[in-house]
Amino acid sequence: MKYPIQISKIAILFLFLATQFAYGQSDHYWTQNFNTESSLLGGAVVGGYAGPSAIYYNPALINQEGKEKFALSANLFSFHSMKIENLVGEGTIYDNLVLKVQPKFISFSKSPKKNKKLTYGFAFLVPLTTDVRFNYLYDTVVDIIHRLDGLENYEGNIMYKSSYDDYYLGGGVSYKLSDRFTTGISGFFSLKSLKYRYATSLRAMQNSDTVYSQGIPEPYYSAQRNSSEELTYSDLSLLFKIGFHYASGNGNWGIGLKLSTPSLHIFGKGDVRKEYHRSNVFDNSADQFTPNLDFYSYQLDVNTKVKDPASIAFGLQFKTSNRKHTIYFTTEYFAAIDHYPVLQTTDSKIIGNIQIENVAEAMTIYASAREVLNFGLGLKHKINENFTVNIGFKTDFNAMYEQREKSDNEYWYNPRLSELYYDKFHFVAGPSVTLNRFGFILGLQYTMGRKDNLLQFYNLTDPVEYDPLTHRSLQGTYQNTMKIKYNELSIFFGITYGLSN
């Protein structure tokens, strides 16, 4: 059986078309924590009393408390652990513990002296920051190269790193239409950045200077399959939030509505690199070596465009008659994002023995997102005029499409962050204290995530040298047995200062 080089070209093309599923945008929309009282209530404040973070949650509430305020969050710590079972084969376990800093939040709000119905505010905040990484090394002794006598040393190294940040800078205004109705609008510049790298190295080799095939010595060699891809970008966009709020005559009820526009792209640049290598891999079904393959290509300063979805949020707030308890509820629907190019390259040269006609398409990065519906609950218990206890809960469902199976061709598949697909659930509690013009909050938040029956990144525990049906080298058949356990414990602290009594 011959291996026409054209078939190899097509197979390699699938490798780079695979990155149409590469991670290019946020996969959780409700991870944010602004270290204000709204955080203690699970962010369920669209219906009322969003405090300094109203500019984000519902701009109609910027002037609800009728006070001019300056708010600052302190950067305290959080610990998150992730345990992944069967990551690269049955019985493989990856476990880590990471210390990170909570996101920043600064806001300022003020009402003009001549028009107390109008309030304006400015804010800098970080709705999302993620850092997911692992480096897994697997080695064993196994008979994977059947044409050689004896056992081989088999090694597999999987490295994954994805750091994503989204910074918001903007302002907003609210206007009191009547004693019961208020409206508002806010706008933000959103600066997103991503640093992503994924690399694999698979190798099988004998640990002697001479190898034997059916007792006949021949020159030493090792079978190898390596691949890597890197993506970095910075992307600037603009988005708006429009808010409405209605308060009952006795102040016990509040109803809020917030509309968030899709992001409007302004500017973005990114770099992408991709590499693939295969050598000395033998196909037993054809009784010959597969072609040695090499590919390397990169593009710098490529235009990027990262999309945020449109969303609509509805909130309720209810105070008991004695005003000691307040209940909060918010739900938000995020629209789907159709398949689109995040980083669209132009044509470039390829280094190696594989030449692809449409390199621009092969190097282009795509993304998409499914629709998501989150909800949050909050409860505030007023001990006295200066001290309250708060608890909250919110969902944080994954927006990426879950992959249940891989293509029959190994070159088609590259991982994406949603391969670590899991939903988050946040539980938070803490006190808020008022002393003169100062307000203080202290919160403790626990976040959990669980997911079973995910598709493995690789199968290194049951490898074969070459599968002619799937064209996979030095690996086994992927199974839906990967399990993720995510736990995070955060401590945060915030301060507000009233500029007026």
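A few notes on this one:
- Selection of the stretch 162-200 for residues being farther than 26 Å from residue 46 by Cα and within 16 Å of the chain's Cα centre (by Cα) yields 162, 163, 164, 193, 194, 195, 196, 197, 198.
- The stretch 179-194 residues that are of a type in the set (Asp, Glu), paired with ones that are modelled with pLDDT under 95 (beta carbon under 9 Å, 6 or more apart): 179/247; 179/249
- Pick from the stretch 226-261, criterion charged (D, E, K, R) and at pLDDT 95 or above, ranking: surrounded by the fewest Cβ atoms within 10 Å (Cβ to Cβ): 241
- All positions within the stretch 446-473 that are surrounded by 18 or more Cβ atoms within 10 Å (Cβ to Cβ), more than 22 Å from residue 84 (Cα to Cα) and touching a strand residue (DSSP E or B) at 6+ places or on another chain (Cβ under 7 Å): 465, 466, 473
Condition check ((1) in contact with a helix residue (DSSP H, G or I) (Cβ under 7 Å, 6 or more places away or on another chain); (2) farther than 25 Å from residue 237 by Cβ) across all residues:
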residue: 294; (1), (2): no, yes
residue: 309; (1), (2): no, no
residue: 326; (1), (2): no, yes
residue: 334; (1), (2): no, no
residue: 339; (1), (2): no, no
residue: 346; (1), (2): yes, no
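- Residue count for the stretch 80-126, restricted to those that are of a type in the set (A, V, I, L, M, F, W, C) and within 30 Å of residue 139 (Cα to Cα): 8
- Cβ pairs under 7 Å, 6+ apart, first in the stretch 33-51 and at negative phi, second of a type in the set (Lys, Arg): 41/380; 44/394; 46/258
Each row is one residue, and each column tells you yes or no for (1) surrounded by 17 or more Cβ atoms within 10 Å (Cβ to Cβ); (2) at pLDDT 85 or above.
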{"position": "30", "(1), (2)": "yes, yes"}
{"position": "62", "(1), (2)": "yes, yes"}
{"position": "101", "(1), (2)": "no, no"}
{"position": "108", "(1), (2)": "yes, no"}
{"position": "113", "(1), (2)": "no, no"}
{"position": "119", "(1), (2)": "yes, yes"}
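- Meets criteria (at pLDDT below 90, closer than 26 Å to residue 56 by Cα and polar (S, T, N, Q)) for residue 193: no
- The strands (runs of 3 or more DSSP E) located wholly in the stretch 297-381 that include 1 or more residues which are more than 21 Å from the chain's Cα centre (by Cα) and touching a residue at least 60 places away in the same chain (Cβ under 8 Å) occupy 311-319, 325-334.
- If you go through the stretch 235-280 and keep only what is closer than 25 Å to residue 189 by Cβ and either of a type in the set (S, T, N, Q) or outside any strand (DSSP E or B) (or both), you end up with 237, 260, 261, 262, 263.
- Residues being surrounded by fewer than 20 Cβ atoms within 10 Å (Cβ to Cβ), touching a residue at least 12 places away in the same chain (Cβ under 8 Å) and more than 30 Å from residue 363 (Cα to Cα) - total across the stretch 197-225: 10
- In the set 461, 470, 477, 447, only one residue is modelled with pLDDT of 90 or more and part of a loop (DSSP other than H, G, I, E, B); that residue is 461.
- The strands (runs of 3 or more DSSP E) located wholly in the stretch 91-161 that include 3 or more residues which are over 30 Å from the mean Cα position of the chain (by Cα) occupy 118-142.
- Any hit, the stretch 353-368, residues being surrounded by fewer than 17 Cβ atoms within 10 Å (Cβ to Cβ), among the small types (Gly, Ala, Ser) and in contact with a helix residue (DSSP H, G or I) (Cβ under 8 Å, 6 or more places away or on another chain): no
- Residue 165 falls short on exactly one of the conditions (1) within 30 Å of residue 119 (Cβ to Cβ); (2) of a type in the set (Asp, Glu); (3) buried (at least 21 other Cβ atoms within 10 Å of the Cβ), and that condition is (3).
- Test: residue in the stretch 306-320 that is surrounded by fewer than 14 Cβ atoms within 10 Å (Cβ to Cβ) and farther than 25 Å from residue 187 by Cβ: yes
The values are calculated or read from the model by the stated rules, or taken from the named source; none is laboratory data. Since the structure is predicted, the reported quantities are computational estimates derived from the model, not experimental observations. Positions of Cβ are backbone-derived with ideal geometry, glycine not excepted, and every protein chain shown enters the neighbour counts.
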